[in-house]
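The values are calculated or read from the model by the stated rules, or taken from the named source; none is laboratory data. Fair warning: this is a prediction, and the values are worked out from it, not measured in the lab. Neighbour counts are summed over all protein chains in view; Cβ atoms, including those assigned to glycine, are modelled from backbone coordinates with ideal geometry.
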Amino acid sequence: MQFKATNYRQTQAPACRRYKVDPGLWLLCALFINVAFHDSIADQEVQQDRPTIQLRLTGVGKALQHQVRSFIGTPDPIDPDDIDNYLQSIQISAEKSLQALGYYDAAAKAARSSDPNASIIELDITPGRPVRVSEVHLTIDGSAENDPDFKKILRTLPTKRGLIFNHADFERSKDLIASSAQSLGYFQASFKRTQALVTRKDLTAEVFLDFVSGDRYIISNVTYNTTLFNDSFLRRWQPFEENTPYQASYVRELTQNLQNSGYFKNVRIKPMLNQADGNRIPLQVDLQPSSENIVSLGVGYATDSGPRIKGNWLRPHNNSRGHILEAGASLSLWRKELTAGYRIPHTKSPTTGRYTFDIGLSNQRTDDTFSQLRTMDIGDHRSISHGWTRDVFLRWENERFRIGQDKNKINLLLPGVGVSRSKSTGGLLPKKGTSYSFKLLAGSKKFLSDITMLRATASAKVLNSWNDHHYFIGRADAGFLITPSFSKVPTSHRFFAGGDNSVRGYSFQSISPLNSDNELIGGQFLTTASLEYNYYFRDKWAVAFFADTGRSFIDVDERYRLGIGAGIRWISPLGPLRVDLGFGVTEDTRPFRVHLAIGPLL
């Protein structure tokens with residue numbers, strides 16, 4: 001049995017011409033339309049009188065039932081006089097449909113239900129023994145015969161000796177060989193023979209796949225059509241050297257690297273087959289630069305911060321060496337911040353890292369605390385394995401602060417390191433996801449700091465879902481501060497709990513040790529945890545139930561606060577909108593608080 005593809009040509013109707021029509025012809029046409037219209041109405045009435053047929057399959061499992069139903073389709077209402085012809089027709093169709101799955105010996109018997117009013121046809125199928133692949137004759141003529149990358153793909157072909165002969169698997173095997181050859185640079189490859197010989201008597205199938213690969217093409221050189229950067233800079237983003245055997249994965253990775261660099265709006269890479277020299281082929285990279293100045297503006301609202309606005313300016317083409325200039329500003333009820341930064345890609349691995357220089361100024365004020373902070377950072381940011389990123393930095397801080405009635409000023413020089421990873425599957429509403437971050441920094445009076453301190457923080461968040469309705473979100477945060485001079489530690493390094501992303505039911509940073517004047521002074525240690533369940537009763541709407549607990553403390557005897565509550569979730573175009581009503585159940589007064597926030601779940 002040989003499988004051949006048939007090409008169908010689409011015919012085109014002849015162009016319309018204008019004619020002068022006789023009035024008698026118009027009358028004849030009107031009579032014809034009237035008769036046809038009434039006949040159509042009559043046919044519809046007869047169709048409505050005919051009972052709807054239901055097809056009941058027995059004798060085979062779900063997979064074979066699905067194949068039969070897909071082939072036969074939904075039965076139309078049938079004239080009782082044609083029922084015998086229909087029964088014979090679906091018997092033949094059912095037996096033919098199972099051949100595609102290797103059941104050439106199938107037998108089907110159709111009968112109408114004994115109840116004449118039921119309009120049910122029972123189709124009993126005996127699948128018989130399936131046809132199995134007796135031999136796969138696979139021959140490769142050309143360079144691919146000894147190519148280990150190509151051999152690895154051949155071991156994954158779905159058509160194998162001893163398996164049931166499946167026509168779809170046979171077609172997938174052919175497609176896999178052809179597409180893999182193209183991906184590996186065998187651009188002149190083609191099949192010499194593709195055939196499956198089925199012997200009904202023995203219930204066997206002998207498969208022939210003769211493939212001519214030709215020579216594998218080699219990437220001779222890469223040409224970049226941009227004047228923004230020189231070729232030596234752009235070659236840093238290449239995951240391959242020149243004079244390397246072609247792989248489509250190289251092209252995809254280079255495209256992704258250039259798109260993620262931030263320098264280009266569009267990237268297109270083409271193998272220039274018309275410029276090939278033998279089996280050596282150049283690649284042409286067409287690059288459309290991003291805007292010279294990228295400005296973004298965002299607004300939002302959260303119960304903790306109130307209304308907030310944030311703006312950012314980015315200049316991605318600051319010079320021909322790929323340096324990036326950035327500045328930003330944000331304003332909210334409690335906090336005002338200005339930042340500026342300079343980014344320099346790594347010389348040898350710009351895709352995985354960059355050097356950073358940042359300066360910042362921020363003011364934060366609550367009822368019991370105030371902080372005016374100036375910062376300067378020099379850092380090395382890079383991607384490490386399995387989606388983790390690592391930051392090594394040296395940070396200078398100058399902070400004027402007030403805690404209660406006590407005012408102070410401090411200078412700190414803090415080397416530190418941080419690692420983080422965030423992974424999720426899905427869009428605005430991930431199906432699964434995790435987020436982890438760890439940060440450690442230290443300062444010493446012997447190293448240009450006014451106090452000696454060690455500060456560490458860790459956070460984790462996990463999201464899991466099933467059946468598109470049930471979502472569980474778990475969160476935990478911890479931190480500690482070791483210092484002999486806690487009274488001199490500035491506000492920005494002390495720990496507070498409470499608020500939208502901490503313990504709901506309590507206001508922002510309201511969980512903290514108190515001084516003698518009953519003012520919040522921040523803690524030396526922090527632990528918080530949260531468990532939340534969301535039920536999506538509609539595509540974008542859910543109800544939520546949560547329990548949060550945590551404490552900020554100096555003394556280990558400090559009690560935990562517990563907040564419980566419920567809320568509503570809506571997946572807006574800007575991200576999930578969360579409205580929660582939380583109750584502080586560990587307080588005598590049972591305070592409650594409405595929390596409103598918008599933003600990603602992870």
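Any idea how many residues of the stretch 345-362 are surrounded by fewer than 16 Cβ atoms within 10 Å (Cβ to Cβ) and touching a Phe, Trp or Tyr at 6+ places or on another chain (Cβ under 8 Å)?
Final tally of qualifying residues: 2.
Could you list, in sequence order, all residues of the stretch 250-273 that are in contact (Cβ under 8 Å) with a residue 24 or more places away in the chain, of a type outside the set (S, T, Y) and either farther than 24 Å from G353 by Cβ or not in a helix (DSSP H, G or I) (or both)?
Answer for the stretch 250-273, where residues must be in contact (Cβ under 8 Å) with a residue 24 or more places away in the chain, of a type outside the set (S, T, Y) and either farther than 24 Å from G353 by Cβ or not in a helix (DSSP H, G or I) (or both): G262, F264, K265, P271, L273.
When you go through L448, L414 one by one, which is the residue that is within 25 Å of D358 (Cβ to Cβ) and surrounded by fewer than 15 Cβ atoms within 10 Å (Cβ to Cβ)?
Exactly one of L448, L414 is within 25 Å of D358 (Cβ to Cβ) and surrounded by fewer than 15 Cβ atoms within 10 Å (Cβ to Cβ), namely L448.
I'd like to know if the stretch 119-132 contains one or more residues that are closer than 30 Å to Y246 by Cβ, touching a residue at least 60 places away in the same chain (Cβ under 8 Å) and surrounded by fewer than 19 Cβ atoms within 10 Å (Cβ to Cβ).
No, because not a single residue in the stretch 119-132 is closer than 30 Å to Y246 by Cβ, touching a residue at least 60 places away in the same chain (Cβ under 8 Å) and surrounded by fewer than 19 Cβ atoms within 10 Å (Cβ to Cβ).
For the stretch 395-499, please list each of the strands (runs of 3 or more DSSP E) lying entirely inside it that holds at least 2 residues being hydroxyl-bearing (S, T, Y).
406-425, 432-443, 453-466
Quick check on the stretch 239-280: of everything there that is under 24 Å from N146 (Cα atoms) and within 22 Å of the chain's Cα centre (by Cα), which residue is surrounded by the fewest Cβ atoms within 10 Å (Cβ to Cβ)?
In this case the residue turns out to be S249.
Check R551, R569 and return the single one that is assigned to a strand (DSSP E or B), under 15 Å from S502 (Cα atoms) and either in contact with a helix residue (DSSP H, G or I) (Cβ under 8 Å, 6 or more places away or on another chain) or charged (D, E, K, R) (or both).
Answer to the selection: R551.
Identify, from the list D517, D580, the residue that is touching a residue at least 24 places away in the same chain (Cβ under 8 Å) and outside any strand (DSSP E or B).
Sole residue among the options that is touching a residue at least 24 places away in the same chain (Cβ under 8 Å) and outside any strand (DSSP E or B): D517.
Any residue at all in the stretch 335-355 that's in contact (Cβ under 8 Å) with a residue 24 or more places away in the chain, within 15 Å of H493 (Cα to Cα) and of a type outside the set (A, V, I, L, M)?
Within the stretch 335-355, not a single residue is in contact (Cβ under 8 Å) with a residue 24 or more places away in the chain, within 15 Å of H493 (Cα to Cα) and of a type outside the set (A, V, I, L, M).
Say we look at the stretch 496-539 and pick out the residues that are surrounded by fewer than 16 Cβ atoms within 10 Å (Cβ to Cβ) and among the aromatic types (F, W, Y); which of these is modelled with the lowest pLDDT?
Among residues in the stretch 496-539 that are surrounded by fewer than 16 Cβ atoms within 10 Å (Cβ to Cβ) and among the aromatic types (F, W, Y), the one modelled with the lowest pLDDT is F537.
Exactly one condition in (1) surrounded by fewer than 17 Cβ atoms within 10 Å (Cβ to Cβ); (2) touching a His at 6+ places or on another chain (Cβ under 9 Å); (3) not acidic (D, E) is not met by H469; state its number.
Every listed condition holds for H469 apart from (2).
Regarding the stretch 274-288, can at least one residue be identified that is modelled with pLDDT under 95, outside any helix (DSSP H, G or I) and more than 30 Å from L184 (Cβ to Cβ)?
no
Condition check ((1) in a strand (DSSP E or B); (2) under 17 Å from S134 (Cβ atoms)) across all residues:
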{"residue": "R172", "(1), (2)": "no, no"}
{"residue": "F191", "(1), (2)": "yes, no"}
{"residue": "K201", "(1), (2)": "no, yes"}
{"residue": "V207", "(1), (2)": "yes, yes"}
{"residue": "V212", "(1), (2)": "yes, no"}
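I'd like the residue in the stretch 533-543 that is in a strand (DSSP E or B), within 24 Å of the chain's Cα centre (by Cα) and touching a residue at least 12 places away in the same chain (Cβ under 8 Å) and, out of all such residues, is farthest from S512 (Cα to Cα).
F537
Please state which one of L325, L333, L283 is closer than 30 Å to T244 by Cα, aliphatic (A, V, I, L, M) and either surrounded by 14 or more Cβ atoms within 10 Å (Cβ to Cβ) or touching a helix residue (DSSP H, G or I) at 6+ places or on another chain (Cβ under 8 Å) (or both).
Only one candidate qualifies: L283.
Would you point out which residue out of A181, A205, A168, A189 is surrounded by 18 or more Cβ atoms within 10 Å (Cβ to Cβ) and within 30 Å of T58 (Cβ to Cβ)?
A205
Which of the residues spanning the stretch 175-218 are under 34 Å from the mean Cα position of the chain (by Cα), polar (S, T, N, Q) and closer than 19 Å to T159 by Cβ?
Within the stretch 175-218, S179, S180 qualify.
Can you name the residue in the stretch 368-394 that is among the aromatic types (F, W, Y) and either outside the structural domain of W466 (by TED's automatic domain parsing) or in a strand (DSSP E or B) (or both) and is also nearest to G443 (Cα to Cα) among such residues?
F393
Being in the same structural domain as G278 (by TED's automatic domain parsing) and part of a strand (DSSP E or B) is the requirement here; does V222 meet it?
Considered against the rule, which asks whether it is in the same structural domain as G278 (by TED's automatic domain parsing) and part of a strand (DSSP E or B), V222 comes out as yes.
With (1) surrounded by 14 or more Cβ atoms within 10 Å (Cβ to Cβ); (2) of a type outside the set (F, W, Y); (3) not assigned by TED's automatic domain parsing to the domain that holds M272 as the list, and D141 as the residue in question, which single condition is left unmet?
(1)
Please indicate, with yes or no, whether at least one residue in the stretch 540-556 is modelled with pLDDT of 95 or more, in contact with a Pro (Cβ under 9 Å, 6 or more places away or on another chain), among the aromatic types (F, W, Y) and under 22 Å from T586 (Cα atoms).
Taking every residue of the stretch 540-556 in turn, at least one turns out to be modelled with pLDDT of 95 or more, in contact with a Pro (Cβ under 9 Å, 6 or more places away or on another chain), among the aromatic types (F, W, Y) and under 22 Å from T586 (Cα atoms).
Filtering the stretch 545-585 down to residues that are hydroxyl-bearing (S, T, Y) and touching a Gly at 6+ places or on another chain (Cβ under 8 Å), which residue is surrounded by the fewest Cβ atoms within 10 Å (Cβ to Cβ)?
The qualifying residue surrounded by the fewest Cβ atoms within 10 Å (Cβ to Cβ) is Y560.
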